[in-house]
Structure formats: structure tokens, C-alpha cells
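This report refers to the structure that appears directly beneath it.
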Amino acid sequence: MNPVLEIDALSVTFCGKQAVHAVDRVSFSLGGGEILALVGETGCGKSVIAHAVMGLLPGEAQVSGRIVFKGRDLLALSERERSAMRGKDCAIVFQDPSRALNPVHRIGRQIAEPVLIHGAGSREEAHRRAAALLERMGLSPPGNYLPLYPCQSSGGMNQRFLIAASTILDPSLVIADEPTKGLDPGRVREVEDELVRLTGGGRTALLLITHDLAVARRIADRIAVMYAGEIVELAENDAFFDRPSHPYSRGLLQSLPEHGFVPIPGSSPSPVSPPPGCRFQARCRDGKAVCGGQHPDLVSAADGRMVRCWQCR
Ligand SMILES: Nc1ncnc2c1ncn2[C@@H]1O[C@H](COP(=O)(O)OP(=O)(O)OP(=O)(O)O)[C@@H](O)[C@H]1O
Ligand SMILES: [Mg+2]
């Protein structure tokens, strides 16, 4: 089956006073019904990838490579064509529902809005679809929820409403950027269930951007680890969590509470002038002379995962 999304050698550079190389030759694909978690520390380029796919980068961003969505190269489309697609066939769920939802409009109106914006139905039809969607999400009777204002429900509930608003038109691709950030554990599980339900029919693909590796472990099919603008490991869920390969992946897992909160010393290199060799070399316990000199490619390991490391070969 053809992938829903195929990203090939995507690079994004912000051309301000200094060029910021935010994303560097990133490639991956996503199939229908698949959940791919994109993880890595702050500033590594996760949201920039999300914005590149959605066509939401500012004018100073220089983008190269290919982003193929259902067979169409998005970077070759006009802004009009892209905005017609945005929110309809590909949707993004932002992190903070208190900012993404409009405080002065009722939830029902906000969930129904994409139907009206994209001319997909009348006001009555939009309202009916919003009610049916809440029902499917287990929020029943929908009449209890549709008239609410965002300030009348919890952060977790608002995040679910936001997911509803983003997916009411049944998109083929959903990007969720930190959808569980700041939620307490019970609410995190509810949002997770929502995301899994979304992909259940096998049509919708989900790119899940998260700092929470426990969420990634529970719901993702594959994990892509980013470091300083690059993917350094891409592996199936079990293989990744049972046997992380890249020294940075191992460090990430060791920094989890269940593994003793061992932080990775140091910080990531500047995206203005990344070092010529392995970008993780300065922080790596396994580093050897070759690592600093030559840049490693992302290559397939024997078990099918992809790893960017001279020492993992
Ligand atoms: N508009 C912009 N102009 C210049 N640099 C930018 C811009 N947007 C992002 N960047 C830079 O691009 C890099 C990647 O940022 P990005 O927001 O993708 O990180 P992230 O992985 O999403 O981090 P976080 O986990 O904190 O959300 C960072 O160095 C950031 O400072
Ligand atoms: Mg981000």
C-alpha cells in the first residue's frame, strides 16, 4: 500500500541574521493507520517538520526535499492549494488547547467550524457531524458538551475537543504536536485513547510529536529519534524500547524516571554551525576519533532499524 505521507531529504533553514539549520535531510514515511512518534530534546526540529508538512512555516524558511502526501508533492503546490488541504485532508492538533480554542465561542461551534470553512456541509449538517463525533468519542449525550465554553471544561477535555475539531473532516493525516503536555496522568490516557481511536480504521496516519516517551511506548508503532535536526534512529516500538541502539537513544531512555533519571550531560550543538562529524559526539560516552571527523549517514542495521552512528555498525 502506498504511504499516506512520504518525507524525503527534508531540510529547513531559517535565513535571518544567521542561518539556522533546523532540519537536515530528514526522511521517513507513514502508512494509513500507523502512528509514528517523533521524539528528541527541545529544539531538535520536531515542530519545524510538523509546520513544513502543514505549510505553516514563515517566509524566511528555506525548504528543500520532498513532502509527498497521498502522491502529491506538497512543496510544488500553491499556497491556495495547500490551504484548501489544511484542516481537511491533513490536520494539526496543537499542544495548548487553552490557546488553540477560542474562549468566547462554544465548543460545538468550534468543532463544527472546519465543515463550514471547507464548504463540506450546511450549518445543521456541521452541527449534526459535531454531535455524532462526540458520541463516537464516548462523550454522550453530546448536548452536554456542545454548549460549553472552553473555560467550563478541563484541559484534558479541551484537548479532546481540539482533536475533534481537527478531525471532523476525517483527514488522512493528523499531526499532534505535544498533545498530552501539561495533562495529569488520567487525562493523558484519555487523549491517548482518542488518538488511537482516530487511526483505528486504518485510513488515518498519525505523526505524534512528544517528549513523553511513555506515551510513545504505549501507542506508537514506530519511533523516530531526532537529534540536532537529524533523525538518529528509526525503529519499531518494541525494538526501540527493548534495545535502543544509538547512544543518544540509550541516554534518552536512561533519563526516564524508571531508569533512575540519569541526565545526558552537556547540550546539543548550535543549529547555526553544527559540527562536521557526528552531532552527538561531544556528549557521547562511546565516541571515538572517527566520530568527530566524518558525518555518519543513517543506515539500516541488521534488524531493520535505521541508525546514524559510527559505533553501531
Ligand atoms: N521562525 C524561526 N526562526 C528561526 N529559528 C527557528 C524558527 N522556528 C524554529 N526555529 C529554530 O529551529 C530549531 C528547531 O525548532 P523546533 O521548534 O522544531 O524544536 P522542537 O523539537 O519542536 O522543540 P520543542 O520540543 O521545545 O518543541 C530550533 O533551533 C529553533 O530555535
Ligand atoms: Mg516543538
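Odds and ends about this structure:
- The C-beta contact set for the stretch 262-279 (first residue over 11 Å from CYS44 (Cα atoms) and in contact (Cβ under 8 Å) with a residue 12 or more places away in the chain, second residue in a loop (DSSP other than H, G, I, E, B) and of a type in the set (A, V, I, L, M), distance under 7 angstrom, 6+ apart or interchain) comprises PRO274/ALA228; ARG279/ALA228.
- Note on the stretch 12-49: among residues that are within 16 Å of ligand 2 (Cβ to nearest atom) and of a type in the set (D, E, K, R), the one that is surrounded by the fewest Cβ atoms within 10 Å (Cβ to Cβ) is GLU41.
- Residue that is in contact with a Gly (Cβ under 9 Å, 6 or more places away or on another chain) and closer than 17 Å to GLN95 by Cα, where the choices are GLY201, GLY229, GLY182: GLY182
- Conditions (1) in contact with a Gly (Cβ under 8 Å, 6 or more places away or on another chain); (2) closer than 20 Å to LEU234 by Cα; (3) part of a loop (DSSP other than H, G, I, E, B); (4) open to solvent by 30 Å² or more (accessible area, probe 1.4 Å): number failed by PRO271: (2)
- Residue, farthest from ligand 2 (Cβ to nearest atom), within the stretch 143-199, restricted to residues that are outside any helix (DSSP H, G or I) and polar (S, T, N, Q): SER153
- ALA52 fulfils the conditions (1) small (Gly, Ala, Ser); (2) farther than 30 Å from SER300 by Cα; (3) open to solvent by less than 60 Å² (accessible area, probe 1.4 Å); (4) within 16 Å of ligand 1 (Cβ to nearest atom) except for a single criterion, (2).
- Test: residue in the stretch 169-176 that is buried (at least 19 other Cβ atoms within 10 Å of the Cβ) and of a type in the set (Ser, Thr, Tyr): no
The values are calculated or read from the model by the stated rules, or taken from the named source; none is laboratory data. Everything numeric in this text was worked out from a predicted model, so none of it was measured. Cβ sites come from the backbone with ideal geometry, for glycine too, and all protein chains shown count toward neighbours. Surface accessibility is based on the protein's heavy atoms, side chains included, excluding ligands, DNA and RNA. Shrake-Rupley method; radii C 1.70, N 1.55, O 1.52, S 1.80 Å.
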